[in-house]
Each structure stands twice: as C-alpha cells, then as structure tokens.
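Notes follow the structure.
The values are calculated or read from the model by the stated rules, or taken from the named source; none is laboratory data. Computed from a prediction, not measured in an experiment: that's the story for all the values here. Don't worry about glycine lacking a Cβ; one is built from the backbone with ideal geometry, like all the others, and counts go over all protein chains shown. Keep in mind that these areas ignore ligands, DNA and RNA; they rest on the heavy atoms of the full protein, side chains included. Shrake-Rupley method; radii C 1.70, N 1.55, O 1.52, S 1.80 Å.
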Amino acid sequence: VLFRSPELGGGALGDLGTYCVHWCRTVAGSEPEVRSVSRDVHAGGVDLATRAELSFPGGVQATIACDMRGPMTARLKVKGAGGELTVINPLAPQAGHLIRLKVAGDVRTETVDQVTTYEGQLAAFVRAVRTGDAPITSGQDTVAQMRVLDAIRAS
C-alpha cells in the first residue's frame with residue numbers, strides 16, 4: 001500500500017531510489033544538484049521508474065536509476081581515474097552479492113557476511129543505544145537525504 005501512495009512518499013524513488021541517492025551522497029561526500037530527471041508515473045500518481053542525473057561539487061557526476069516494474073537488480077558502480085568499484089546487490093546481500101575492485105588492471109573480488117541489511121541496521125542501532133556511541137547516520141544526514149529526494153521529485 002505504501003508503494004502505491006504518493007501522499008506517503010511511495011513509488012520507485014521513495015522505495016529503491018533512496019538507497020541509490022544515499023550511496024551517491026556517501027561516495028561523493030557532499031550534496032548534489034539535480035541536473036535532469038525522467039520518470040514513468042503510474043495512473044495512481046506514483047513513479048514506477050525514475051532516473052536522475054546528479055552533479056556534485058568537484059565535477060563528480062552520478063546517475064541513479066530505480067525501477068519497480070521488473071526484477072530488482074541493485075548495483076553500485078564508482079569510476080575514478082585510478083580504477084573502478086562495482087558492488088552487486090548491496091541491498092540484499094543474503095540473496096547473493098559481489099564486491100569487485102579494479103585498479104590498474106588488477107581485479108579483486110570478495111563477498112561479505114550474508115546477513116540482511118535490516119539485521120545490520122538493527123545491530124548498529126542496538127550498539128548505539130547500549131554504548132551511547134553516535135549512530136552510523138545522523139538526523140542531519142536524514143534531512144539532507146530528504147532534500148535531495150524532494151529536489152528530484154520537484155524536477
């Protein structure tokens with residue numbers, strides 16, 4: 001029901017796209033400007049698919065794409081002057097994933113523990129509550145994330 005409710009932030013961007021946006025913001029270490037957006041909107045008003053081009057300070061460019069119409073494929077790819085990092089399925093590593101790093105022709109691959117991302121989030125929350133350490137993400141990060149999502153929706 002949430003996915004189909006525009007009033008509750010449903011749609012591809014609010015469901016899958018938020019992960020893509022957060023990955024880009026984390027890798028870039030800054031906040032983007034939305035350059036362009038295309039979307040396929042369902043008759044109920046929610047986006048079934050959204051693609052956005054983002055520009056970060058320092059010339060970093062990013063493209064996010066999320067689509068609820070077919071089988072989900074989650075992938076993060078970061079290209080730089082020195083190499084390329086590809087992470088297959090960072091959303092649900094328990095369903096199979098791969099981390100691939102290519103630097104100067106040398107390719108290394110690895111996998112991580114196959115716990116669900118929800119288990120990891122819960123463990124991090126419990127650790128912060130028990131130890132008093134700061135949570136992994138802050139309220140400021142959450143507000144910044146929503147600013148970007150709102151800017152994509154408004155474009």
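For residue 124, the shell of other residues with beta-carbons less than 12 Å away shows a net charge of 0, using +1 for Lys and Arg and -1 for Asp and Glu. Using a 1.4 Å probe over the heavy atoms of the protein chains, calculate the carbon and sulfur portion of the accessible area of the chain as a whole percent. For the chain, the apolar C and S fraction of the accessible surface comes to 55 percent. Span-like helix criteria (full DSSP H runs; alpha carbon extent of at least 30 Å along the helix axis; mean Kyte-Doolittle hydropathy of at least -0.5) are satisfied in the chain by no helix. In this rough spin-label picture, where each label sits 7 Å from Cα along the Cβ direction, the residue 33-residue 92 distance is 3.8 nm. Would region 1-122 count as rounded, prolate or oblate if I go by the C-alpha gyration tensor, calling it rounded below 1.5 in a/c and otherwise prolate when a/b exceeds b/c, oblate otherwise? Taking the square roots of the gyration eigenvalues as a ≥ b ≥ c, region 1-122 is oblate. Other residues lying with their Cβ under 9 Å from the Cβ of residue 86 contribute a combined charge of +3, Lys and Arg counting +1, Asp and Glu -1.
Over the chain, dividing the summed -39,500 (n - 2.57) contributions of all DSSP H runs of at least 4 residues by the number of residues returns a 222 nm mean residue ellipticity of -8500 deg cm²/dmol. Solvent exposure of region 60-110, expressed per residue, is 65 Å² of accessible area, with all protein chains present and a 1.4 angstrom probe.
How do 31, 110 rank by accessible surface area computed with a 1.4 Å probe, from largest to smallest? If you can, show how the numbers build up before the last one.
Values: 31 85, 110 110 Å².
Sorted by accessible area, descending: 110, 31.
Is the shape of region 8-69 rounded, prolate or oblate, going by the alpha carbon gyration tensor and its root eigenvalues a ≥ b ≥ c, with a/c under 1.5 for rounded and a/b larger than b/c for prolate? Prolate, because a/c is 1.5 or more and a/b exceeds b/c. Computed over neighbours whose Cβ is under 10 Å from that of residue 6, the net charge equals 0, Lys and Arg +1, Asp and Glu -1. Computed on the chain, with alpha-carbon pairs under 8 angstrom and 6+ residues apart, the relative contact order is 18 percent. Stretched out straight at 0.36 nm per residue, the stretch from residue 101 to residue 155 would grow longer than its current Cα-Cα span by 16.1 nm. Note on residue 41: accessible area approximately 80 square angstrom, rounded to 10, probe 1.4 Å, nucleic acids and ligands left out. For the pair residue 108 and residue 129, label points projected 7 Å from Cα toward Cβ lie 3.6 nm apart.
Could you order 77, 102 so the one with the most accessible surface comes first? Probe is 1.4 Å.
On the way: 77 110, 102 85 Å².
The most accessible residue leads, giving 77, 102.
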